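Read-outs throughout are calculated quantities, based only on the coordinates presented, and are distinct from any laboratory measurement. The structure presented is a predicted model; accordingly, all values stated were derived computationally and were not measured. Please note: Cβ atoms are built from the backbone with ideal geometry, for glycine as well, and neighbour counts cover all protein chains shown.
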Amino acid sequence: MSSPVPNAAGSPTEASTCPWCGAAAEKLPEPSWESLCRLLGESAARRLGWYPLPPGLRLCVVVPVYNERETVGEIIRRVRAVPIPKQIVVVDDGSTDGTRDVLAAFPPQDDLKILYHDFNRGKGAALRTGFQHVTGDIVIIQDADLEYDPIHYPALIQPIVEGKADVVYGSRFVPAGPHRVLYFWHSVANWLLTTLSNMFTDLNLTDMETCYKVFRREVIEAIAPTLKQDRFGIEPELTAKIARRKYRIYEVGISYAGRTYQEGKKIGLRDALQAFWCVLRYWRWD
């Protein structure tokens, strides 16, 4: 299963009633894919994000980090809490605020690899480093600032697991839960960049700039050696190269808890202008 199914009352208790057959039971049974299909029907179970994972499937989460001392520990905890086998690759991009001390405090574990840049090079550079170390079947990008919630992983990987997609984008503009209301001009800039990107790629994405981009590992292995952008230009560069190679792309709605510049938001006007250039640059050339 993609994730466990909690019972309605919380943890199992003695003398509970089985929700499937109505018989008394000392503790509630662990739900299975088959029992959910009997109760809800296969189509409804899949629409709710309940589906069987292929044996041995492993997710790789690439986390670029720069000056996120207050949130990096929590994002690693949240990623680990998602009940899917995974590898977490954290790339510290030259942090100077104590983030490295937080990361150094994590004990060595098989599911966590931490890499360090000597100086700040940008999100794109951090992702390129992270992509060199992925070993999972599906690769997902995760920002460290808590704007994007790993609770969406099962829904984001579902089109790939079911063989429908090669790439999935998590869209902040497809209804899927609460969204923090923030900057109007940021939303305008995002719409303009996405529209321009769609004009040149012939896609109909709603959120080209989203952090949540999910790939079959074969897609990343094909594209990563060609990536050039060091900063946020990596977003239109990835999109253009995915589109030109005719990969199958899906979008899944996600919730979004945006933050203010006072809270540490980093993208700015310079990055928007660079993104416009990247849309044009990578339309035809790698």
(message) Along the Cα→Cβ direction, 7 angstrom out, place labels at ASP202 and ARG244. What is the inter-label distance in nm?
(response) 1.5
(request) Classify the range 98-140 as rounded, prolate or oblate from the Cα gyration tensor: take a ≥ b ≥ c as the square roots of its eigenvalues, call it rounded if a/c is under 1.5, otherwise prolate when a/b beats b/c and oblate if not. (result) oblate
(message) Based only on other Cβ atoms within 10 Å, what is the fewest-to-most ordering of LYS246, LYS228, LYS164?
(response) LYS246, LYS164, LYS228
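If neighbour count is taken as other Cβ atoms inside 10 Å, put ASP93, ASP145 in order from fewest to most.
ASP145, ASP93
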(request) Mind pulling the per residue volume of the convex hull built on the Cα atoms of the range 120-220? Å³ is fine. (result) 138
(message) Taking 22 Å as R0, compute the FRET efficiency from the Cβ-Cβ separation of HIS186 and THR96 and round it to 0.05.
(response) 0.30
(message) Could you derive backbone 3J(HN,Hα) for the range 62-68 from the dihedral phi with the Karplus parameters 6.51, -1.76 and 1.60 (θ = phi - 60°), listing whole Hz in sequence and x where the residue is Gly or Pro?
(response) 9, 10, x, 10, 9, 6, 10
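Decide, for the range 64-195, between rounded, prolate and oblate: order the square roots of the alpha carbon gyration tensor eigenvalues as a ≥ b ≥ c, take rounded if a/c falls under 1.5, and otherwise choose prolate if a/b is larger than b/c, else oblate.
Verdict is oblate for the range 64-195.
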(request) List the relative contact order of the range 59-281 as a percent without decimals, with contacts defined as Cα pairs under 8 Å and 6+ residues apart. (result) 24
(request) Starting from the Cα of LEU280, step 7 Å toward the Cβ, then list every residue of the range 213-242 with an amide N under 20 Å from that point. (result) 228-241
(request) Return the FRET efficiency for the residue pair SER35, GLU162: r is the Cβ-Cβ distance, R0 is 25 Å, and the value is rounded to the nearest 0.05. (result) 0.80
(request) Starting from the Cα of ALA257, step 7 Å toward the Cβ, then list every residue of the range 54-71 with an amide N under 17 Å from that point. (result) 68-71
(request) Determine the shape class of the range 59-281: with a ≥ b ≥ c the square roots of the Cα gyration tensor eigenvalues, call it rounded for a/c under 1.5, and otherwise prolate if a/b is greater than b/c, oblate otherwise. (result) rounded
(request) Enumerate the residues in the range 86-126 having an amide nitrogen under 14 Å from the point lying 7 Å beyond the Cα of THR135 toward its Cβ. (result) 86-90, 109-114
